[in-house]
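Note sheet for the following structure.
The values are calculated or read from the model by the stated rules, or taken from the named source; none is laboratory data. Keep in mind the model is a prediction, meaning the values are calculated, not measured. Positions of Cβ are generated from backbone atoms using ideal geometry, with glycine treated the same way; all protein chains shown enter the neighbour counts.
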Amino acid sequence: MVAAAIGGAAVGSRVLYWLENPALTLARWHDVSYLLGGKTIVGGLIGGWIAVEVAKRALGITSRTGDLFAVPLAVAIAIGRIGCHLTGLADQTYGTPTSLPWGVDLGDGVNRHPAVLYESAALLILAVMLVRMQRRRHAAGDVFKAFMAGYMTIRVVVDAVKAGPALMFGITTIQIAALAVLGYYAHDVARWIRLSRSRPPSR
């Protein structure tokens, strides 16, 4: 399962990177450094998730295997995003220009949204929520599903203030991929909402 996750993540991270800017990818399809140089977290998560599900089906494994990885993934990505911020413009994860007082100058004289720091903070909040979810009774696999749904929601929101080419209707390829995952988990989110409403109020 780990091998499938690593292989799927490696493929998915690059495929979604290529799709971020299709025109640029077509123009540089022969440039090995470009094709192997870029990657995306969303693509890695989706690719790893699909590869694991395919491997489980091939091996006849029916048990849920992702819950133990949910909190470590959230914390690891949050820490990694701090590194992205410190890298500056070269990382290409910087935010759009802003006049807000917490805008940061990454070296080009433009105050920008610290987009990856927004993402990092939101992920730490998500990690706390996942830990609380682990302590409650829940269906197997729900913690990982909550991580995926939560992270994809974060990316849809945060990527709105990230600099990047819009594919259609003003949204990016990564946002479209994140929305597709959210659509897949919509029935689980609806189930959690119904469950939370059915619980007696705390005293």
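So Ala140 fits all but one of (1) of a type outside the set (Lys, Arg); (2) closer than 21 Å to Val75 by Cβ; (3) in contact with a Lys or Arg (Cβ under 8 Å, 6 or more places away or on another chain); (4) exposed (fewer than 15 other Cβ atoms within 10 Å of the Cβ); what number is the exception?
Condition not satisfied by Ala140: (2).
So which of Ile50, Ile61, Ile79 is exposed (fewer than 14 other Cβ atoms within 10 Å of the Cβ) and under 24 Å from His138 (Cα atoms)?
Exactly one residue qualifies, and that residue is Ile61.
Residue check, Ala190 against (1) over 17 Å from Ala115 (Cβ atoms); (2) surrounded by fewer than 16 Cβ atoms within 10 Å (Cβ to Cβ); (3) in contact (Cβ under 8 Å) with a residue 60 or more places away in the chain, all met but one. Which one?
All conditions pass for Ala190, except number (3).
Looking at the stretch 90-121, which of its residues are part of a helix (DSSP H, G or I), of a type in the set (Asp, Glu) and modelled with pLDDT under 95?
Within the stretch 90-121, Asp91 is the sole residue that qualifies.
For the stretch 139-159, give me each residue that is among the acidic types (Asp, Glu) and under 19 Å from Leu117 (Cα atoms).
Answer for the stretch 139-159, where residues must be among the acidic types (Asp, Glu) and under 19 Å from Leu117 (Cα atoms): just Asp159.
Sort through Thr87, Thr65 and tell me the only one that's among the polar types (S, T, N, Q) and either within 30 Å of Ala166 (Cβ to Cβ) or in a helix (DSSP H, G or I) (or both).
Thr87
Please go through the stretch 1-37 and give me each residue that is within 30 Å of Ser63 (Cβ to Cβ) and either touching a Ser or Thr at 6+ places or on another chain (Cβ under 6 Å) or aliphatic (A, V, I, L, M) (or both), ordered by number.
Within the stretch 1-37, Met1, Val2, Ala3, Ala4, Ala5, Ile6, Ala9, Ala10, Val11, Ser13, Val15, Leu16 qualify.
Would you please name the residue that is surrounded by the fewest Cβ atoms within 10 Å (Cβ to Cβ), looking only at residues in the stretch 162-186 that are β-branched (Val, Ile, Thr), touching a Leu at 6+ places or on another chain (Cβ under 9 Å) and touching a residue at least 60 places away in the same chain (Cβ under 8 Å)?
This residue is Val181.
From the list Leu45, Leu73, Leu35, exactly one residue is surrounded by 14 or more Cβ atoms within 10 Å (Cβ to Cβ), at pLDDT below 85 and part of a helix (DSSP H, G or I). Which is it?
Just a single option satisfies the conditions, and that option is Leu35.
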